[in-house]
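J.: So that we are looking at the same thing, I have put the structure below in structure tokens.
The values are calculated or read from the model by the stated rules, or taken from the named source; none is laboratory data. Just so we're clear, the structure is a prediction, and the values are computed from it rather than from any experiment. Counting neighbours? That spans all protein chains shown, and the Cβs are built from the backbone with ideal geometry, glycine included.
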Amino acid sequence: MRRSRRGELRPAVFAVATLATMAALIAVTGCSGAPPVTDTGLESPDASPGATEPEQRVDPLPPPLPQPRVDVGYRMPRLGPDEAPGLVPRLAAMAAPELTVVARWATPAGSSVLGDALDARFASAVRSYAEEHGAAWSPGVDVAPGGVGAPCARQPLTEPVGASLTVDCGIVAAAGTVLGERLIVVRREGAIATAIDRSTWYADASTGELGDGAALYRPGAEPRVLALFAEALRSAGLAGVADPFAGLTAEGVRAVLADTIVTADDLVVPVPLTSAADGQARHVISVLVPVRLVRPFLSGFGAAVHAAIASGAPFEPPSAPTGDDRVDCTLVACVSITFDDGPTSLTDGLIDTLRELRAPATFFVQGGAVDRRPDEARRLVDEGHELGNHTWSHPYLTKLPDPEVQAEIQRTQEAVHAAVGVWPRSLRPPYGDVDQRVRDLAGLPVIVWDVDTNDWQRPDRATLIERAVTGASRGSIVLMHDTHDSTIDAVPDIIAGLRDRGFTLATVSEQFGGALPDPGELVSHGPR
Ligand code: NI
């Protein structure tokens, strides 16, 4: 994975541009998207005094070719959930003394090359940043204002104290199977930004291809592409030297082009303008090159990305069951909500809610209930939720002789397998009643909880939500039951409350990277 260092651009390139230049530029070019004014010197034939001799008419000239240009007021595309549905927000946050990290990005539902690449990129970025500042990466909650939020939603800024790393994202393109996501990584010391790294990533789900803006161009063509962008700056009077990008290393060139935004008509590259007075970048202007000029330099990937965006086709959102979103619980702060004693007549409604909120859960089912309600059990599996074993008849296991303990567990394993074709991978003993003998007999890891909502006592709604939301910490396993409509009713607020604090919901096994602890191990929360 390439890592661009945009900071290289700043000192070499635009020290000539001043705020006065900016004002002049605004006056010259207007605010947004206006085509260059071209005077052909010809009057229209109808108005010409020579119109009395029609055979000498001058054919109208073809419209002028669009030229590279600067657009001071250009607004980057920023698509919302209506235009780019099917994305899942991700938040990796950490707070330590004099250190804050808040990284947000969006990943396609289910598994995807883009999601995997972004997860890997940010896992590496936040870990190395924490290490640079003497801390081991440990995802936290109550760090990021606004919590997890909607995918790439604008959130309040993090209070600038000590060293901080923030990542903000924006969806700049979503058409057909192509998605474009822009990422702005800012490192700060206090309120001062010390490095800004901008890149835009494109993925085509139909081919599995992925690359940043620099991958849109043919290898080797980058200098010629940059020459087109330089022309725009020159014609706007912004370049104080013949080639404003002169002196950039090959890596520097790729860093500039990594933040290429593709629209139907143009390729757009944002360029920071530096004040001559203090060398600080105060403005970012947009340089636009018409696609027809740059087309010979596009890679096959770049041409495909542009073709999809120019087609205006609606985005084909990825579809995947709720529980199929990959979550790296070493990168983000996870929590598991669990429901015992079902399936019941309420389970279907709960599954609907979890689907709508795209929230995976873990269900500890009773064998007898699965026997009675195989359809609900099937649906739990189809939607990607996790199933655990909650015995056949809900006894106190420590009070039963060995063969009956084993029968309670084994009969349920077989009932679940018969109903849905999967074997439960864990045991939750009824009432949390477990001792070493039961653990030895279980043959499965034993999963209890660290947050008990006591929802079966039917506390009032606010109390129930408060217990689940404020009681949780990273790795928590929250106990609830899908046997009470008061619980089902509170689930949307519980999920919203957990996400507002910065939690990502995950199944219990996801908290352990997909591999639960060994049989007989007793677990009350995930890794912390
Ligand atoms: Ni129970």
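J.: What about residue 401, is it of a type outside the set (Gly, Ala, Ser) and away from the ligand (no atom under 16 Å from the Cβ)?
T.: yes
J.: Tell me the residue from 337, 409 that is assigned to a strand (DSSP E or B), within 16 Å of the ligand (Cβ to nearest atom) and of a type outside the set (Gly, Ala, Ser), please.
T.: The match here is 337.
J.: Would you be able to say whether some residue in segment 319-336 is touching a Phe, Trp or Tyr at 6+ places or on another chain (Cβ under 6 Å), surrounded by 23 or more Cβ atoms within 10 Å (Cβ to Cβ) and in contact (Cβ under 8 Å) with a residue 60 or more places away in the chain?
T.: Within segment 319-336 (the criterion being touching a Phe, Trp or Tyr at 6+ places or on another chain (Cβ under 6 Å), surrounded by 23 or more Cβ atoms within 10 Å (Cβ to Cβ) and in contact (Cβ under 8 Å) with a residue 60 or more places away in the chain), the answer is yes, since at least one residue qualifies.
J.: Follow-up. Given 229, 245, which one is surrounded by fewer than 23 Cβ atoms within 10 Å (Cβ to Cβ) and modelled with pLDDT under 95?
T.: Exactly one residue qualifies, and that residue is 245.
J.: Could you list, in sequence order, the residues of segment 340-353 that are surrounded by fewer than 24 Cβ atoms within 10 Å (Cβ to Cβ) and away from the ligand (no atom under 15 Å from the Cβ)?
T.: Result: 345, 348, 349, 351, 352, 353.
J.: Tell me, please, whether a residue that is on the phi > 0 side of the Ramachandran plot and assigned to a loop (DSSP other than H, G, I, E, B) can be found in segment 359-367.
T.: Within segment 359-367 (the criterion being on the phi > 0 side of the Ramachandran plot and assigned to a loop (DSSP other than H, G, I, E, B)), the answer is no, since none of the residues qualifies.
J.: Quick one: residue 458 ticks every box in (1) more than 24 Å from the chain's Cα centre (by Cα); (2) free of Cβ contacts under 8 Å to residues at least 12 places away in the same chain except a single one, so which number is it?
T.: For residue 458, the exception is condition (2).
J.: Okay, next question. Does residue 384 satisfy the criteria of being touching a helix residue (DSSP H, G or I) at 6+ places or on another chain (Cβ under 8 Å), part of a loop (DSSP other than H, G, I, E, B) and surrounded by fewer than 23 Cβ atoms within 10 Å (Cβ to Cβ)?
T.: It is true that residue 384 is touching a helix residue (DSSP H, G or I) at 6+ places or on another chain (Cβ under 8 Å), part of a loop (DSSP other than H, G, I, E, B) and surrounded by fewer than 23 Cβ atoms within 10 Å (Cβ to Cβ).
J.: Go over the candidates 388, 312, 349 one by one and state the one that is closer than 23 Å to residue 474 by Cα and in contact (Cβ under 8 Å) with a residue 40 or more places away in the chain.
T.: 388
J.: For segment 415-448, enumerate the residues that are acidic (Asp, Glu) and either away from the ligand (no atom under 14 Å from the Cβ) or under 24 Å from residue 375 (Cβ atoms) (or both).
T.: Hits for segment 415-448 are 435, 440.
J.: A further question on this structure: Residues in segment 367-381: is at least one in contact with a Phe, Trp or Tyr (Cβ under 6 Å, 6 or more places away or on another chain) and away from the ligand (no atom under 14 Å from the Cβ)?
T.: Checking segment 367-381: at least one residue is in contact with a Phe, Trp or Tyr (Cβ under 6 Å, 6 or more places away or on another chain) and away from the ligand (no atom under 14 Å from the Cβ).
J.: Do the conditions hold for residue 469, that is, is it away from the ligand (no atom under 16 Å from the Cβ), assigned to a helix (DSSP H, G or I) and not polar (S, T, N, Q)?
T.: yes
J.: Of all residues in segment 474-487, which are under 26 Å from residue 332 (Cβ atoms), more than 16 Å from the ligand (Cβ to nearest atom) and out of contact with any Pro (no Cβ under 9 Å at 6 or more places or on another chain)?
T.: Across segment 474-487, the qualifying residue is only 476.
J.: Kindly indicate the residue of segment 382-396 that is touching an Asp or Glu at 6+ places or on another chain (Cβ under 6 Å) and within 16 Å of the ligand (Cβ to nearest atom) and also farthest from residue 444 (Cα to Cα) among those meeting that condition.
T.: Looking at residues that are touching an Asp or Glu at 6+ places or on another chain (Cβ under 6 Å) and within 16 Å of the ligand (Cβ to nearest atom), I get 396.
J.: Go through (1) surrounded by fewer than 22 Cβ atoms within 10 Å (Cβ to Cβ); (2) assigned to a helix (DSSP H, G or I); (3) within 33 Å of the chain's Cα centre (by Cα); (4) not β-branched (Val, Ile, Thr) one by one and return the number of the condition residue 431 breaks.
T.: (3)
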